[in-house]
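Enquirer: Below you will find the structure I want to go over with you.
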Amino acid sequence: MNKTVNINLAGIFFHIDEDAYLKLQRYLEAIKRSFTDSQGRSEIIADIEARIAELFNERVENDKQVIRIKEVDEVISIMGQPEDYLVDDEIFEDEPKTSYKAKSSPSRKLFRDTDNSYIGGVSSGLAHYFGIDTIWVRLAWILLIFGAGTGILLYILLWVLVPEAKTTAEKIMMTGEPVNISNIEKKIRDGFDSVTDVAKNVGDSVGAAAKNVSDSVSNAAKNVDLKKPANSIKSSSKTFFDTLGDVIMFFFKVFAKFIGVLLMIIGASTLIALIIALFSIGVADIIHIPGLDMVDIVNAGNTPVWLVSLLTFFAVGIPFFFLFYLGLKILINNLKSIGNIAKFTLLGVWLISIIGLVVVGVRQASEHAYDESVIEKNELNIKANDTLSVKMMTNDLFETSGFRNDDSFRISRNENGEKTIYSSDIRIIVRSTSDSIGKLVIDKNADGRSYEAAIERAKNINYNYVISDNEILLDSYLNTDPKNKFSDQEVVAFLYLPEGTIVNFSNNTRSYLHYRRYNNTIVTSKDVNQYLKILDEDIECLDCPIEEEFEVDVDIKHEDGSLKINDKGLEVKIDSSSLRIDKNGINGSSENLNLKVSEEGVTIKSEDN
Amino acid sequence: MKIENTKAQMRKGVLEFCILSVLKDNDAYVAEILDTLKDAKLLVVEGTIYPLLTRLKNAGLLNYRWEESTSGPPRKYYGLTETGKLFLKELNTTWSELHNAVTIVTSQKTSK
């Protein structure tokens with residue numbers, strides 16, 4: 001007695017024995033697998049089914065007759081084994097290359113082998129992929145775990161991203177064997193054997209009841225049909241341990257997903273530590289870590305620091321993430337995709353960040369669009385022959401150290417304990433004037449987005465100086481309120497002195513003066529600590545040491561001659577010839593020639609003449 | 001190297017040519033084509049022909065029409081297209097050249 005199944009094959013109705021049905025089904029499945037979609041798989045299968053229906057039809061004499069395994073075998077022998085369907089692509093080169101690869105040189109694919117797993121089947125999957133024993137892979141993991149725990153991260157990453165080998169075809173692909181009916185059958189048979197083993201083990205431990213099961217299994221295994229006993233065994237040997245295993249696996253999967261989310265954050269951040277550093281600036285700003293005031297002061301555009309950090313994070317981080325993802329994708333060819341939505345969202349965020357950064361940059365730059373200054377004029381009650389001394393004043397509150405420093409600015413608290421920006425961008429320019437009295441012009445300069453803003457900022461520069469009868473004290477720093485930001489504030493002190501006055505710059509003004517005569521200054525860094533008389537666009541040093549005298553003393557003597565150069569003159573002697581130049585004139589003589597140039601005139605004497 | 005593989009490759013190589021030749025004069029459905037080829041002992045199993053037919057059809061060398069059958073499912077009647085006829089002509093020439101060449105080469109070998 002046999003159970004039958006009703007099937008519809010190419011629109012024709014057939015009764016078929018269950019075992020014959022399973023055989024036919026497997027046969028069609030195997031054929032289906034030997035084609036790709038590009039070859040017109042569905043059409044080929046339809047044609048084949050139609051032909052099989054025709055062949056069955058020839059073998060069925062009336063409606064009541066059932067198709068048995070004998071008919072199926074006949075038909076299969078007529079149609080040929082699945083391998084016979086393969087078209088040899090070396091002959092037909094117009095075939096797409098991919099199908100060629102998939103069939104005749106099956107490449108291994110990376111799957112997780114959950115049949116031989118301790119945790120997620122990653123190790124055994126990798127072992128299949130590289131064709132080595134699983135134990136080596138596992139040892140490598142252990143080593144990697146000791147290597148700063150990178151192994152754990154990598155394992156979890158692979159666990160999440162590498163798909164599990166679920167179907168028989170995938171399991172065969174994992175080991176790199178070609179997917180054909182023979183292999184699939186072999187695999188399924190292997191599956192039985194292991195299930196039979198399990199059933200036997202259970203039988204040993206549980207007793208006679210299970211032994212019946214294993215008996216039925218071995219009986220069933222003797223049959224040609226493979227699938228039916230598999231089902232029966234699976235249902236009967238579903239033991240407590242399997243259930244426990246399922247529960248554990250379920251938790252592992254949930255755990256893996258949870259870890260996966262964490263990992264995306266951790267993995268990306270560890271890979272791109274630079275980005276995290278940027279990001280932490282933003283965080284520091286939100287929780288107000290001191291020292292970030294500096295950033296805030298430079299940030300003339302008033303854009304929040306966290307926003308800039310975030311924009312930078314995305315602008316730099318997203319390409320890095322894609323790079324990281326790409327790397328993984330190259331490493332694992334059947335990596336799960338992150339999905340188009342995610343990809344385009346990231347791309348969008350990236351573009352927005354770039355635009356945002358450009359806007360911030362333009363804003364920042366526009367803060368320096370106008371460079372305006374405010375001028376304060378002071379008359380100096382100083383006349384010719386008066387002596388004026390110029391000194392710098394330092395302030396203990398500000399660490400200016402008495403030296404000028406371009407573009408340096410610091411934040412400190414003033415006498416009232418308020419925060420203030422200070423800078424030592426002070427410049428002293430000295431010029432002569434033909435007026436009878438001198439002037440001190442203080443030029444405060446600042447940048448701003450508009451003319452008004454620049455003027456306002458220039459006005460807000462605090463710069464102090466003291467003028468007394470014969471002394472000018474200038475601050476060595478300027479300061480301003482932090483709300484004015486750092487916008488290139490600078491102070492230039494123009495000192496116009498009448499000709500004939502004498503001025504003395506203290507040593508500490510050295511760095512505030514130009515090094516050379518730049519911008520029409522007549523006093524440079526070299527002229528400090530000296531009494532200088534102002535001339536028309538020039539100075540005369542009154543107490544400079546007189547230049548030292550010419551002091552050369554050369555006295556070389558040789559067997560045949562000598563050379564002497566000293567304050568008296570120059571004298572060269574070679575054999576009987578000599579040349580002497582001194583205050584008396586030029587005197588040259590040789591064996592029979594004598595030349596003399598002096599106040600008295602030129603005399604040339606020769607023995608011949 | 002298996003002798004079966006070489007044989008199969010030889011057969012497969014001329015199979016397309018033979019299918020087109022069968023359809024040269026009149027349309028036929030798969031079973032008819034198969035019968036001709038099987039009688040000529042060119043085909044051992046039927047399976048091989050289906051991918052070939054689909055490929056030839058997709059290449060525009062063949063077209064087909066459906067015809068009802070008194071026994072069994074409707075049949076696909078294949079016929080040559082204009083391109084298919086030209087293609088067949090070309091193959092005919094190639095085949096006679098090849099046949100000549102092979103005859104010359106093999107007869108030389110045996111006479112040695």
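The values are calculated or read from the model by the stated rules, or taken from the named source; none is laboratory data. Predicted, not measured: the structure shown is a model, and the values here were computed from it. Here the Cβ is made from the backbone with ideal geometry for all residues, glycine too, and neighbour counts use every protein chain on show.
Enquirer: Being more than 30 Å from residue B:5 (Cα to Cα), surrounded by 17 or more Cβ atoms within 10 Å (Cβ to Cβ) and modelled with pLDDT under 70 is the requirement here; does residue A:192 meet it?
Expert: In short, yes.
Enquirer: For the range B:38-54, which residues satisfy the criterion of being in a helix (DSSP H, G or I) and free of Cβ contacts under 8 Å to residues at least 24 places away in the same chain?
Expert: At the first step, the residues of the range B:38-54 found to be in a helix (DSSP H, G or I) are B:38-39, B:49-54.
Passing the criteria: B:38, B:39, B:50, B:51, B:54.
Enquirer: Scan the range A:411-435 for residues that are farther than 17 Å from residue A:538 by Cα and more than 40 Å from the chain's Cα centre (by Cα) and report the count.
Expert: 5
Enquirer: Within the set of pairs 6 or more residues apart or between chains, which connect a residue that is hydroxyl-bearing (Ser, Thr, Tyr) inside the range A:11-35 to a residue that is surrounded by fewer than 20 Cβ atoms within 10 Å (Cβ to Cβ) and assigned to a helix (DSSP H, G or I) with Cβ atoms less than 7 Å apart?
Expert: A:27/A:76
Enquirer: Name the residues in the range A:1-34 that are more than 14 Å from chain B (Cβ to nearest Cβ) and among the basic types (Lys, Arg), would you?
Expert: Within the range A:1-34, A:3, A:23, A:26 meet the criteria.
Enquirer: Is the range A:65-76 home to any residue that is part of a helix (DSSP H, G or I), within 24 Å of residue B:35 (Cβ to Cβ), at the interface with another protein chain (Cβ under 10 Å from one of its Cβ atoms) and at pLDDT 85 or above?
Expert: The answer is yes; a qualifying residue exists.
Enquirer: Select, from A:453, A:458, the only residue that is closer than 16 Å to residue A:373 by Cβ and crowded, with 22+ Cβ neighbours inside 10 Å. I'd like the intermediate steps shown before the answer.
Expert: Details: A:453 fails: crowded, with 22+ Cβ neighbours inside 10 Å.
Exactly one residue qualifies, and that residue is A:458.
Residue by residue, here is whether (1) at pLDDT 85 or above; (2) out of contact with any strand residue (DSSP E or B) (no Cβ under 9 Å at 6 or more places or on another chain) holds:
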{"position": "A:517", "(1), (2)": "no, yes"}
{"position": "A:522", "(1), (2)": "yes, no"}
{"position": "A:530", "(1), (2)": "yes, no"}
{"position": "A:539", "(1), (2)": "yes, no"}
{"position": "A:545", "(1), (2)": "no, yes"}
{"position": "A:584", "(1), (2)": "no, no"}
{"position": "A:588", "(1), (2)": "yes, no"}
{"position": "A:600", "(1), (2)": "no, no"}
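The rows are residues; the columns are (1) within 12 Å of the chain's Cα centre (by Cα); (2) part of a helix (DSSP H, G or I); (3) surrounded by 19 or more Cβ atoms within 10 Å (Cβ to Cβ).
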{"position": "B:5", "(1), (2), (3)": "no, yes, no"}
{"position": "B:8", "(1), (2), (3)": "no, yes, no"}
{"position": "B:11", "(1), (2), (3)": "yes, yes, no"}
{"position": "B:14", "(1), (2), (3)": "yes, yes, no"}
{"position": "B:17", "(1), (2), (3)": "yes, yes, no"}
{"position": "B:20", "(1), (2), (3)": "yes, yes, yes"}
{"position": "B:31", "(1), (2), (3)": "no, yes, no"}
{"position": "B:36", "(1), (2), (3)": "yes, yes, no"}
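Enquirer: Anything in the range A:1-49 that is surrounded by fewer than 20 Cβ atoms within 10 Å (Cβ to Cβ) and polar (S, T, N, Q)? List them, or say none.
Expert: Hits for the range A:1-49 are A:2, A:4, A:6, A:8, A:25, A:36, A:38, A:39, A:42.
Enquirer: Kindly list, by first and then second residue, each pair from a residue in the range A:573-598 that is in contact (Cβ under 8 Å) with a residue 40 or more places away in the chain to a residue that is of a type in the set (D, E, K, R), limited to pairs with Cβ atoms under 8 Å and residues at least 6 apart or on different chains.
Expert: From the range A:573-598, no pairs qualify.
Enquirer: Could you check, for the range B:78-101, whether at least one of its residues is surrounded by 14 or more Cβ atoms within 10 Å (Cβ to Cβ), of a type in the set (Val, Ile, Thr) and either within 11 Å of chain A (Cβ to nearest Cβ) or touching a His at 6+ places or on another chain (Cβ under 7 Å) (or both)?
Expert: No - not one qualifying residue is present in the range B:78-101.
Enquirer: Take the residues in the range B:58-73 that are in a loop (DSSP other than H, G, I, E, B), surrounded by 14 or more Cβ atoms within 10 Å (Cβ to Cβ) and not hydrophobic (A, V, I, L, M, F, W, C); name whichever of them is farthest from the other protein chains (Cβ to nearest Cβ).
Expert: B:69
Enquirer: Now a separate question. Look through A:492, A:572, A:503, A:552 and report the one residue that is of a type in the set (Val, Ile, Thr) and in a loop (DSSP other than H, G, I, E, B).
Expert: Criteria check complete, one pass: A:552.
Enquirer: When the range A:426-454 is examined, which residues are found to be of a type in the set (Val, Ile, Thr) and either out of contact with any His (no Cβ under 8 Å at 6 or more places or on another chain) or free of Cβ contacts under 8 Å to residues at least 12 places away in the same chain (or both)?
Expert: Within the range A:426-454, A:426, A:428, A:430, A:433, A:437, A:441, A:442 qualify.
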